[in-house]
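These notes concern the structure reproduced below.
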């Protein structure tokens with residue numbers, strides 16, 4: 001199978017062309033151009049904060065979703081009480097141009113680390129598309145007029161659905177990974193009608209927003225999930241190639257850089273290589289622990305504390321009992337490995353064990369996606385351990401706790417102008433000099449919680465806190 005890639009690596013123009021976005025200066029989906037977190041520009045300040053290098057600050061209700069930018073418009077989702085909201089802001093001034101409320105026909109309990117407005121919008125430069133766990137998809141024109149709505153769900157992801165929609169050619173694509181009934185689906189951009197839908201039977205709770213690439217001149221969708229990654233035809237949803245060997249929970253974005261796909265996944269510390277725990281066969285557990293002889297295992301009958309602790313995650317149908325199928329998935333979950341992998345983007349059919357360039361296993365993040373910038377991979381895990389690696393070989397340059405800051409991390413890393421930006425939950429935004437040495441230039445304190453991934457365009461960085469959206473630029 002032939003594979004078509006441009007030769008320039010880490011180029012925003014290249015990635016934007018692949019993703020069919022509108023302008024080189026746009027940041028039109030979660031993590032910007034094809035989810036890379038890179039949008040090359042110049043003049044970005046290293047030092048900033050609530051009172052320094054702020055062009056404008058606009059108060060917004062909370063939400064973990066990241067803002068996007070197309071043309072003169074910035075879009076962001078939020079929640080206020082029971083309301084699910086979409087905002088359009090003027091790029092130059094930060095003034096709110098319109099606010100729209102989406103339907104909310106249910107309120108689903110979600111993990112405390114999530115929010116009712118976690119998925120980020122996506123735009124084609126003429127319209128914006130938003131997705132909410134408690135409703136589904138809604139499309140607005142740039143003027144705020146609703147174009148269409150597509151109710152979806154309810155979903156059964158124990159964390160709540162956090163994946164963002166992506167634009168692929170003339171379709172909006174969603175990867176819905178949940179405890180039962182996972183699928184990926186494409187909806188017509190013009191009217192929201194379902195174009196195709198494919199089941200993902202192995203996928204469990206996840207939140208990995210897909211990436212897009214070209215194979216033989218055709219758009220394909222790169223969609224990691226539990227235990228395996230599938231590459232789908234954008235036209236039909238058919239699987240072009242797939243591979244096993246991923247972690248059991250996938251939340252990070254696949255980074256497509258040249259002919260290589262980088263993907264990381266983490267579940268528990270016991271999924272690090274050499275620490276995996278063997279799970280007893282179901283027949284043995286039933287024989288020794290099924291006190292009421294119903295052929296299933298309840299939380300009270302769980303054979304050890306680990307199983308009791310993880311019970312709500314492995315009781316996939318939520319009936320309070322584990323049957324043999326759920327137990328087998330539990331065993332597979334505990335056998336999977338946490339890893340960052342570099343994978344060749346070419347392939348056909350089952351590519352398991354055939355296309356891995358290298359693997360790395362130490363201090364893998366659960367939520368933050370890595371960034372690949374100037375041939376260096378930057379990876380921070382949830383507790384603040386920063387790792388830099390050679391993107392071509394996987395050789396580690398350095399691994400250390402992020403200097404000068406003690407924090408936890410939910411937002412993903414972004415890069416431009418020879419700098420790496422890392423936003424921590426408590427409001428610190430660290431700025432590193434590009435390179436494997438992890439040289440800290442500045443640690444900027446907003447004193448407001450940050451869960452949204454920052455946005456970069458045209459010499460400015462946009463930072464969303466739990467209270468406001470900031471536009472930052474050198475003055």
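How many residues are over 30 Å from residue 214 (Cβ atoms) and outside any loop (DSSP other than H, G, I, E, B) if we restrict to the range 249-286? Reasoning before the result, please.
Initial filter on the range 249-286 (over 30 Å from residue 214 (Cβ atoms)): 267-286.
Subset that is outside any loop (DSSP other than H, G, I, E, B): 269-271, 282-286.
Result for the range 249-286: 8.
Please go through the range 424-434 and pick out each residue that is over 21 Å from the mean Cα position of the chain (by Cα) and surrounded by fewer than 17 Cβ atoms within 10 Å (Cβ to Cβ).
Result: 433, single match.
From the residues in the range 359-374 that are touching a strand residue (DSSP E or B) at 6+ places or on another chain (Cβ under 7 Å) and surrounded by fewer than 17 Cβ atoms within 10 Å (Cβ to Cβ), which one is farthest from residue 254 (Cα to Cα)?
362
Kindly establish whether residue 421 is under 23 Å from residue 162 (Cβ atoms), buried (at least 17 other Cβ atoms within 10 Å of the Cβ) and over 20 Å from the mean Cα position of the chain (by Cα).
Working: under 23 Å from residue 162 (Cβ atoms): yes; buried (at least 17 other Cβ atoms within 10 Å of the Cβ): yes; over 20 Å from the mean Cα position of the chain (by Cα): no.
For residue 421, the condition - under 23 Å from residue 162 (Cβ atoms), buried (at least 17 other Cβ atoms within 10 Å of the Cβ) and over 20 Å from the mean Cα position of the chain (by Cα) - is not met.
Counting only residues that are assigned to a loop (DSSP other than H, G, I, E, B), over 15 Å from the mean Cα position of the chain (by Cα) and in contact (Cβ under 8 Å) with a residue 40 or more places away in the chain, which one in the range 158-189 is farthest from residue 366 (Cα to Cα)?
Of everything passing the filter in the range 158-189, 189 is farthest from residue 366 (Cα to Cα).
For the range 43-74, enumerate the residues that are farther than 20 Å from residue 427 by Cα, in contact with a strand residue (DSSP E or B) (Cβ under 8 Å, 6 or more places away or on another chain) and surrounded by fewer than 24 Cβ atoms within 10 Å (Cβ to Cβ).
72, 73
If a residue must be in a strand (DSSP E or B) and either touching a helix residue (DSSP H, G or I) at 6+ places or on another chain (Cβ under 7 Å) or in contact (Cβ under 8 Å) with a residue 40 or more places away in the chain (or both), how many such residues does the range 54-98 contain?
Total satisfying the criteria: 20.
Which one of these is modelled with pLDDT of 95 or more, more than 29 Å from residue 391 (Cβ to Cβ) and in a loop (DSSP other than H, G, I, E, B): 449, 437? Reasoning before the result, please.
Working: 437 fails: more than 29 Å from residue 391 (Cβ to Cβ).
Going through 449, 437 in turn, just one is modelled with pLDDT of 95 or more, more than 29 Å from residue 391 (Cβ to Cβ) and in a loop (DSSP other than H, G, I, E, B): 449.
Inside the range 80-101, can you point out the residues that are closer than 20 Å to residue 152 by Cβ and surrounded by fewer than 22 Cβ atoms within 10 Å (Cβ to Cβ)?
Within the range 80-101, 82, 83, 85, 100, 101 meet the criteria.
Please verify whether the range 341-359 includes one or more residues that are within 24 Å of residue 113 (Cβ to Cβ), in a loop (DSSP other than H, G, I, E, B) and in the same structural domain as residue 222 (by TED's automatic domain parsing).
The answer is no; no qualifying residue exists.
Before we move on, is residue 363 assigned to a loop (DSSP other than H, G, I, E, B), out of contact with any helix residue (DSSP H, G or I) (no Cβ under 7 Å at 6 or more places or on another chain) and modelled with pLDDT of 95 or more?
Yes; evaluated as a whole, the condition is true for this residue.
Give the residue, chosen from 224, 201, that is under 23 Å from residue 110 (Cα atoms) and surrounded by fewer than 24 Cβ atoms within 10 Å (Cβ to Cβ).
Result: 201 is the single residue among 224, 201 that is under 23 Å from residue 110 (Cα atoms) and surrounded by fewer than 24 Cβ atoms within 10 Å (Cβ to Cβ).
Could you list, in sequence order, all residues of the range 298-320 that are surrounded by 15 or more Cβ atoms within 10 Å (Cβ to Cβ), touching a helix residue (DSSP H, G or I) at 6+ places or on another chain (Cβ under 6 Å) and not in a helix (DSSP H, G or I)?
301, 302, 316, listed by residue number.
From the list 415, 443, exactly one residue is surrounded by fewer than 23 Cβ atoms within 10 Å (Cβ to Cβ) and either without any contact (Cβ under 8 Å) to a residue 12 or more places away in the chain or not in a loop (DSSP other than H, G, I, E, B) (or both). Which is it?
443
When you look at residue 267, is it over 21 Å from residue 342 (Cβ atoms) and modelled with pLDDT under 95, yes or no? Before you say what the answer is, go through the steps one by one.
Working: over 21 Å from residue 342 (Cβ atoms): no; modelled with pLDDT under 95: yes.
Answer is no for this residue.
Scan the range 242-256 and give yes if some residue there is closer than 16 Å to residue 129 by Cβ and at pLDDT 95 or above, otherwise no.
Start the filter on the range 242-256 by keeping residues that are closer than 16 Å to residue 129 by Cβ, which leaves none.
No, the range 242-256 contains no residue that is closer than 16 Å to residue 129 by Cβ and at pLDDT 95 or above.
Of these, 292, 338, 288, which one is touching a strand residue (DSSP E or B) at 6+ places or on another chain (Cβ under 9 Å) and either at positive phi or surrounded by fewer than 21 Cβ atoms within 10 Å (Cβ to Cβ) (or both)?
Only one candidate qualifies: 292.
What number of residues in the range 389-406 are crowded, with 21+ Cβ neighbours inside 10 Å and either out of contact with any strand residue (DSSP E or B) (no Cβ under 6 Å at 6 or more places or on another chain) or modelled with pLDDT under 95 (or both)?
1
Working carefully through the options 98, 27, find the one that is within 24 Å of residue 430 (Cα to Cα) and either modelled with pLDDT of 95 or more or in contact with a strand residue (DSSP E or B) (Cβ under 8 Å, 6 or more places away or on another chain) (or both).
Just one listed residue meets the conditions, 27.
Test residue 235 against the criterion of being in the same structural domain as residue 367 (by TED's automatic domain parsing), modelled with pLDDT of 95 or more and outside any strand (DSSP E or B), and give yes or no.
Numbers: in the same structural domain as residue 367 (by TED's automatic domain parsing): yes; modelled with pLDDT of 95 or more: yes; outside any strand (DSSP E or B): yes.
Here the answer is yes, as residue 235 does meet what is asked.
The values are calculated or read from the model by the stated rules, or taken from the named source; none is laboratory data. Because the structure is a prediction, the values reported are computed rather than measured. Glycine gets a Cβ as well: all are built from the backbone with ideal geometry, and neighbour counts include every protein chain shown.
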